[in-house]
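What follows is a single structure, written as structure tokens, with notes after it.
The values are calculated or read from the model by the stated rules, or taken from the named source; none is laboratory data. Keep in mind the model is a prediction, meaning the values are calculated, not measured. So basically every Cβ, Gly included, is an ideal-geometry build from the backbone, and we count neighbours across all protein chains shown.
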Amino acid sequence: MDIPAGFSPLTRTSPVLDLVGPIHAKGQGHDLVLGLRVEPKHCNARGTIHGGILATLADVALGYATAFSADPPIPLVTANLTLDFTGTAKIGDWIETTVDIQKKGSRLAFANGFIHVGAERIVRASAVFAVST
């Protein structure tokens with residue numbers, strides 16, 4: 001399936017992201033955008049993207065954008081992740097994340113974001129990360 005211009009495969013991956021992916025990225029730090037083309041493996045019995053896939057994508061987008069907005073990157077672990085599902089995506093849809101980093105402190109970091117299908121916001125996400133030492 002086609003990938004929009006400017007995106008390339010996510011280079012920082014893990015066994016779980018290899019299962020979920022392929023995830024694509026453009027930009028870095030504050031400007032990081034993750035993208036995913038919805039495949040049958042991402043869907044529930046109704047043929048729409050599963051909330052767990054959206055939660056995973058939100059967690060990774062918020063965490064990576066926040067961690068890599070500093071040099072050296074901030075070692076973060078997710079302390080809280082909250083999502084509001086306001087829509088859905090179907091097989092073949094391209095979904096993208098946007099992130100707004102609220103605060104990076106010495107112990108906690110806060111970020112908000114959205115997952116979109118085109119101009120439609122389908123997820124509103126908020127995360128708190130603990131800075132690990």
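Looking at region 59-73, is at least one residue surrounded by 13 or more Cβ atoms within 10 Å (Cβ to Cβ), among the charged types (D, E, K, R) and either touching a Leu at 6+ places or on another chain (Cβ under 8 Å) or over 16 Å from Gly21 (Cβ atoms) (or both)? The answer is yes, given that some residue of region 59-73 is surrounded by 13 or more Cβ atoms within 10 Å (Cβ to Cβ), among the charged types (D, E, K, R) and either touching a Leu at 6+ places or on another chain (Cβ under 8 Å) or over 16 Å from Gly21 (Cβ atoms) (or both).
The number of residues in region 35-78 being aliphatic (A, V, I, L, M), over 30 Å from Arg107 (Cβ atoms) and assigned to a loop (DSSP other than H, G, I, E, B) comes to 2. Give the residues of region 75-111 that are under 26 Å from Gly6 (Cβ atoms), in contact (Cβ under 8 Å) with a residue 24 or more places away in the chain and polar (S, T, N, Q), sorted by residue number. If the condition is that a residue be under 26 Å from Gly6 (Cβ atoms), in contact (Cβ under 8 Å) with a residue 24 or more places away in the chain and polar (S, T, N, Q), then Thr86, Thr88, Thr97, Thr98 are the ones that fit. Being within 21 Å of Val131 (Cβ to Cβ) and either charged (D, E, K, R) or at pLDDT 95 or above (or both) is a condition met by at least one residue of region 9-31.
Within region 88-106, the residues that satisfy the criterion of being over 19 Å from Val131 (Cβ atoms), buried (at least 17 other Cβ atoms within 10 Å of the Cβ) and of a type in the set (A, V, I, L, M) are Ala89, Ile95.
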